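Participant: One structure, pasted below without further comment.
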Amino acid sequence: MQRAARLGIGAVSLLVLGAALYLLVDALRDWSASDIDAYWSAAMRLRSGEPLYAFSYSVGAHDIYRYAPWFAFAWVPLTYLPRAAVTVGWTAILLAATGAAIWPTLRQRSWSTTLVSILLGSMLVWTSAKGNVHALMVAELVHGVRHRSGPLAVALAASLKAAPIALVAVYLGRREWARAAWTVALTVALTGPMLLFDLSGYERNPGLNASVYYVLGPGLWLVAAAAAFATAIVLARTRWRWVTGAVAAIAAFPRLLSYDASLLLIATGHRDARDPTP
């Protein structure tokens, strides 16, 4: 029995390490920082008075801007710097965020958490190679969601990629009404200014992806997302709260990509003393 268990662990380890190596090699082979085009172009449109949410030729184009306006405004000062310098600096920030995101899991020093760190960390490196804000978003959730700043951490993430708002299920299930209310209020404050802009060019099509939305349709996606959200509420007072919360956020993505699984780092990190089990 022990021999079979060791063989199973070895096989899983090889699969995880192989997948991580593939992601890292693919990242190095195409270190394009292409997603910066969306942030840079949006900031330039603000500078020139053009529509922030401009129509794009393709649903999968790198220059599509889907985020809240504050993020584009934050990029405006950067557009006065050399583009190459901004690309290098932004990539460095994303790689640092990757390290910060996996550190709470990695420092537990078990083989299983090491494998999780390697696999999910390689996903974040891959997104960093594309220049995507995802690694920074995950890092601020990993270090913020359990703390007093949790509502702000969730709201910031939701203003970038919407789906993380599902993490509010944990606050609701724990009857932390004030934290839940602050999360919703801050999210509205950060995303509400979108209504001040012309949204006729906003890309609503999630494009080809692996989510239930694309595979089985919007109706079943809503059912699956609602079920995951409800499960997170029910289990919010157990040690599985952040696992189910992360799964609820992942299930809420209508445009689900493989690296969205890195949100599980929220759950695999150490449990903070300020987040006790009721």
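Participant: Could you work out [θ]222 nm for the chain from helices alone, using -39500 (n - 2.57) per DSSP H run of at least four and dividing by all its residues? Round to the nearest 500 deg cm²/dmol.
Facilitator: Counting only the DSSP helices, I get -19500 deg cm²/dmol.
Participant: Calculate how steeply helix 177-191 sits against the longest principal axis of the alpha-carbon atoms of the chain, using the helix alpha-carbon long axis, and give the answer as 0 to 90 degrees to the nearest 10.
Facilitator: So the inclination is approximately 30 degrees.
Participant: In nm, to one decimal, how far is the modelled label at W111 from the one at W177, with both set 7 Å along Cα→Cβ?
Facilitator: With each label point 7 Å from Cα toward Cβ, the separation is 4.9 nm.
Participant: In percent, how large is the relative contact order of the chain, given Cα pairs closer than 8 Å and 6 or more residues apart?
Facilitator: The value is 21 percent.
Participant: On C-alpha positions alone, give me the angle between the axis of helix 83-106 and the longest principal axis of the chain, in degrees, nearest 10.
Facilitator: Taking Cα atoms only, the helix is inclined about 20 degrees.
Participant: Here's a follow-up. From largest accessible area down, sort T183, T238; use a 1.4 Å probe on the protein chains.
Facilitator: T238, T183
Participant: Treating only the Cβ of Lys, Arg, Asp and Glu as charged (+1, +1, -1, -1), what charge dipole size does the chain show about its Cα centre? Round to the nearest 20 debye.
Facilitator: Roughly 1040 debye for the chain.
Participant: Tell me the label only: which of (i) 42; (ii) 50; (iii) 55 is percent of Cα pairs over 25 Å apart as calculated from this structure?
Facilitator: Structure-derived value, by its label: (ii).
Participant: Still on this structure: Using only the alpha-carbon atoms of the stretch 67-158 as identical scatterers, what base-10 log of I(q)/I(0) does the Debye formula give at q = 0.17, 0.20 Å⁻¹?
Facilitator: -0.81, -1.02
Participant: Moving on. Using alpha carbons only, what's the Rg to Rh ratio of the stretch 146-200 with Rh from Kirkwood?
Facilitator: We get a ratio of 1.03 for the stretch 146-200.
Participant: How many Å² of accessible area per residue for the chain, probe 1.4 Å?
Facilitator: 50
Participant: Next up: Give me the percent of the accessible area of the stretch 17-90 that comes from carbon and sulfur atoms, probe 1.4 Å, all protein chains in place.
Facilitator: 66
Participant: According to the Kirkwood expression over distinct Cα-Cα pairs, how big is the hydrodynamic radius of the stretch 1-156, in Å?
Facilitator: Kirkwood radius, the stretch 1-156: 17.5 Å.
Participant: Hey, if we sort H147, H62 by accessible area with the 1.4 Å probe, largest down, what's the order?
Facilitator: H62, H147
The values are calculated or read from the model by the stated rules, or taken from the named source; none is laboratory data. Every value quoted in this text rests on a predicted model; they were computed, and no experiment measured them. Because the Cβ atoms are built from the backbone with ideal geometry, glycine has one as well, and the counts that use them run over all protein chains shown. These accessible areas exclude ligands, DNA and RNA; they are computed on the full protein's heavy atoms, side chains included. Shrake-Rupley method; radii C 1.70, N 1.55, O 1.52, S 1.80 Å.
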